[in-house]
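For reference, the structure is listed below as structure tokens.
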Amino acid sequence: MKFKDIDISKSLNELEKNDWGNAPDHSTRLMLKAHELRKLPLKLWTNEDFRLMILQHISLEYLVPIVLYRLAKNPFTSGELFVGDLLNAVVSIKEDFWKQHNDLHYELDTIIETLKIDIETFSEILTNYNYSYELGNKME
């Protein structure tokens, strides 16, 4: 499935035609959150919401295309844990999912390759900056 094919004005319950209902009594906070998110339209989800659900391997067919769209714009897009935690969640998805969704795996590979090039470019910029700073101190 592609991002453009997902109606983000709908919730996962609506898209999957599978209402989980309310979380069972004595549920963990994570279970409560997952049940709550399934009822919320995807357009209202935060990066943290996507990160949490992906780490639980919930509804990956819908969530991964949306997250890849976000990561293509900014691979450092983050939830609340650390910079790049959303990408970290996606790369932790098990191989079985990627084997069944080669098109999404290709998108992820493209994002990672672009990120590698960006990191190399910025590393060179930072090296040059440090070098010029060291030269400046030596000249005084």
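The values are calculated or read from the model by the stated rules, or taken from the named source; none is laboratory data. Computed from a predicted model, the values in this text were never measured in an experiment. All Cβ positions, glycine included, derive from the backbone under ideal geometry; neighbour counts span all protein chains shown.
Could you list all residues from segment 71-84 that are part of a helix (DSSP H, G or I) and crowded, with 18+ Cβ neighbours inside 10 Å? Residue satisfying the conditions is Leu71 alone.
Going residue by residue through segment 5-13, is there one that turns out to be part of a helix (DSSP H, G or I), surrounded by 15 or more Cβ atoms within 10 Å (Cβ to Cβ) and modelled with pLDDT of 95 or more? Let's see the steps before the verdict.
Going residue by residue through segment 5-13, those that are part of a helix (DSSP H, G or I) are 5, 12-13.
Filter again for surrounded by 15 or more Cβ atoms within 10 Å (Cβ to Cβ), leaving 12-13.
When the remaining residues are screened for being modelled with pLDDT of 95 or more, the result is 12-13.
Within segment 5-13, one or more residues are part of a helix (DSSP H, G or I), surrounded by 15 or more Cβ atoms within 10 Å (Cβ to Cβ) and modelled with pLDDT of 95 or more.
Filtered by the rule that a residue be surrounded by fewer than 14 Cβ atoms within 10 Å (Cβ to Cβ), in a helix (DSSP H, G or I) and in contact with a helix residue (DSSP H, G or I) (Cβ under 8 Å, 6 or more places away or on another chain), segment 21-60 gives a lone residue, Leu30.
Answer yes or no as to whether Asp109 is modelled with pLDDT of 95 or more, over 28 Å from Pro24 (Cα atoms) and part of a helix (DSSP H, G or I).
Working: modelled with pLDDT of 95 or more: yes; over 28 Å from Pro24 (Cα atoms): yes; part of a helix (DSSP H, G or I): yes.
Yes, satisfied.
Within segment 10-37, residues that are under 16 Å from Gln56 (Cα atoms) and among the acidic types (Asp, Glu) sit with their Cβ atoms under 9 Å from residues that are surrounded by 13 or more Cβ atoms within 10 Å (Cβ to Cβ) and modelled with pLDDT under 90, at 6+ positions apart or across chains, in these pairs: Glu36/Ala23.
Leu15 meets the conditions (1) more than 16 Å from the chain's Cα centre (by Cα); (2) farther than 24 Å from His105 by Cβ in every case but one. The failed one is (2).
Return yes or no: is Leu71 closer than 22 Å to Asn13 by Cα and aliphatic (A, V, I, L, M)? It is false that Leu71 is closer than 22 Å to Asn13 by Cα and aliphatic (A, V, I, L, M).
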